[in-house]
Structures are given as structure tokens and as C-alpha cells.
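The values are calculated or read from the model by the stated rules, or taken from the named source; none is laboratory data. On a predicted model such as this, the values are computed, not experimentally measured, just so you know. Positions of Cβ are backbone-derived with ideal geometry, glycine not excepted, and every protein chain shown enters the neighbour counts. The accessibility values were calculated without ligands, DNA or RNA, using every heavy atom of the protein model including side chains. Shrake-Rupley method; radii C 1.70, N 1.55, O 1.52, S 1.80 Å.
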Amino acid sequence: MQEPDVKDIQYLKNVPVFGSLPEDQLLQIHRHTIERTYRKGTVIFLEGDPGKGFHYVKRGKVKIVKMADDGREHIIKIMGAGEIFAEVLLFNNCPYPATAIAVEESCIGLIKNLDLETLILKNNALALQLIKALSQRLLYAQQKIKNLALNDVMARTAEILLRLASEHGRPKAGGIEISLDLSRQDLASLVGTTRETLTRMLSALKRDGIIDFTGQKVSILDEPALKRLIS
């Protein structure tokens with residue numbers, strides 16, 4: 001098998017967990033990576049399936065969802081290029097705690113748990129980066145629980161729009177466009193409400209000149225006003 005060239009591993013520098021590692025260690029990670037491409041709407045893994053390993057997004061976007069008993073889905077997070085998921089399985093022989101679905105055509109890297117655990121035990125820098133990533137994920141989960149428990153639907157809608165703009169936004173004339181092809185149902189699932197209620201919230205925000213939307217594209221026109229709704 002031909003050894004990978006240094007330029008072949010540059011994509012790993014776009015994954016913050018790996019970005020600060022020296023090239024010889026990036027080569028090891030590259031050798032252990034299984035790369036797969038998924039079409040939009042394809043399930044990457046299902047909640048309850050045996051956990052195979054640590055995943056990261058090389059290209060595209062992935063939604064992480066929890067399924068309710070009645071079949072409704074609640075989107076926990078939308079992952080973009082460079083983000084990691086299923087990291088909670090490290091050092092735990094357990095099933096996937098949620099379902100992962102490609103939001104658009106996506107290229108995903110998979111490193112089997114045993115391979116990554118072996119690399120971690122030999123690399124303090126990688127271990128520290130993964131601890132930081134797990135801590136950030138815990139803080140995100142705590143914030144989401146707090147928002148669902150304490151904020152009304154309008155405040156939750158504003159918080160989700162601001163978060164999506166921060167993570168997936170791109171500047172455009174007069175505002176920030178959220179560069180995600182999310183259905184109204186997907187957005188409602190992120191907020192934790194029904195599609196009908198979300199539509200009313202978005203319409204009210206548009207009427208007040210705070211946001212604009214065309215089809216499934218949403219743009220933030222007045223970010224300070226949106227922030228005031230959650231303060």
C-alpha cells in the first residue's frame with residue numbers, strides 16, 4: 001500500500017481535535033481512518049446500534065437526533081466540517097446514544113474505538129484535546145437543557161437562530177444568511193416545538209424586521225434585537 005503524502009493529511013488540520021498535532025501523528029490518524037460518503041438523508045448510524053467508533057465530518061453536514069417513543073425526532077445538533085461526533089463512545093463499550101443522518105451529501109471519517117484509544121494512550125496532546133471536546137459537548141448539553149426548561153418558544157427560537165448563524169452563517173448584504181438547507185420541521189425539532197408554532201415565531205420575527213426568509217433559507221437582519229429576546 002502506498003504511503004500517504006503529507007499533503008494528503010492536511011484535511012485533518014481542519015478538525016480542531018487533531019489540528020495541533022505534528023505530521024507524524026496525523027499520518028497515524030489518517031492510516032486508521034475509514035472514509036465514507038453519504039447522500040443527503042442517509043442514516044450514518046442509528047440510536048441503539050453497536051458503537052463502532054469516533055466520527056468526524058470531513059465535508060458536508062450531519063444532524064444528531066434523538067427519537068421519541070411516538071416517532072418524533074428531536075435534533076440535538078447540526079455538525080459541520082471539522083466537527084466530531086460519537087466521541088462519547090471512547091473507552092465505553094456501549095451503543096450509539098443517538099442517530100446521525102446526513103443533512104446533505106457528506107464525507108465522514110470513522111476511526112474505530114480501539115484504534116483511537118491506542119493512539120490516545122501514546123499521545124498526551126490528543127488526549128487533552130479530546131477531553132476539551134468532551135467538556136464543550138457537556139456544556140452544550142447543559143445549555144440546551146436549560147433553554148428547554150426555562151425559555152419560552154420565542155426565546156428558544158432566537159437562541160437557535162443565533163447559534164446556527166454563528167456555526168453555519170455567512171455574511172450577506174444587510175445581514176447573516178444561515179447556510180443550511182433545513183426544513184421547517186428540522187428547525188422546529190432543534191427549537192423543541194411544533195412546526196406550526198415555529199412558523200408563527202418566524203413570521204412574527206419577519207414582520208418585526210428581525211429576520212427574513214425565502215423558502216428554507218433564513219437570514220438574520222437585526223442580530224442585537226434577536227439577542228434581546230433571550231436576555
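Listing for the model above:
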item: Conditions (1) small (G, A, S); (2) surrounded by fewer than 18 Cβ atoms within 10 Å (Cβ to Cβ); (3) more than 27 Å from L187 (Cα to Cα); (4) modelled with pLDDT of 85 or more: number failed by G41; result: (3)
item: Any hit, region 47-59, residues being part of a loop (DSSP other than H, G, I, E, B), open to solvent by 20 Å² or more (accessible area, probe 1.4 Å), in contact with a Leu (Cβ under 6 Å, 6 or more places away or on another chain) and more than 27 Å from T193 (Cα to Cα); result: yes
item: Any hit, region 194-210, residues being open to solvent by 40 Å² or more (accessible area, probe 1.4 Å), in contact with a strand residue (DSSP E or B) (Cβ under 9 Å, 6 or more places away or on another chain) and acidic (D, E); result: no
item: Meets criteria (touching a residue at least 12 places away in the same chain (Cβ under 8 Å) and either in contact with a strand residue (DSSP E or B) (Cβ under 7 Å, 6 or more places away or on another chain) or aromatic (F, W, Y) (or both)) for L187; result: no
item: Flag for R31 being open to solvent by 20 Å² or more (accessible area, probe 1.4 Å), over 17 Å from V88 (Cα atoms) and either touching a Cys at 6+ places or on another chain (Cβ under 8 Å) or assigned to a strand (DSSP E or B) (or both); result: no
item: Checklist (1) within 30 Å of L90 (Cβ to Cβ); (2) surrounded by 17 or more Cβ atoms within 10 Å (Cβ to Cβ) applied to V218, failing item; result: (1)
item: Region 210-225, subset of a type outside the set (A, V, I, L, M) and touching a residue at least 12 places away in the same chain (Cβ under 8 Å), residue farthest from I176 (Cα to Cα); result: Q216
item: Filter result (touching a helix residue (DSSP H, G or I) at 6+ places or on another chain (Cβ under 6 Å) and of a type in the set (D, E)) within region 163-206; result: none
item: Residues of region 163-179 classified as touching a Gly at 6+ places or on another chain (Cβ under 9 Å) and in contact (Cβ under 8 Å) with a residue 60 or more places away in the chain, total; result: 2
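This table checks each residue for (1) open to solvent by less than 10 Å² (accessible area, probe 1.4 Å); (2) among the charged types (D, E, K, R); (3) not assigned by the TED database to the domain that holds S20.
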{"site": "A68", "(1), (2), (3)": "no, no, no"}
{"site": "G80", "(1), (2), (3)": "yes, no, no"}
{"site": "E83", "(1), (2), (3)": "no, yes, no"}
{"site": "A86", "(1), (2), (3)": "no, no, no"}
{"site": "L89", "(1), (2), (3)": "yes, no, no"}
{"site": "L116", "(1), (2), (3)": "yes, no, no"}
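A quick yes/no check of all residues on (1) at pLDDT below 85; (2) within 21 Å of the chain's Cα centre (by Cα); (3) open to solvent by less than 50 Å² (accessible area, probe 1.4 Å); (4) of a type in the set (F, W, Y):
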site	(1), (2), (3), (4)
I111	no, yes, yes, no
L126	yes, yes, yes, no
K146	yes, yes, no, no
A149	yes, no, no, no
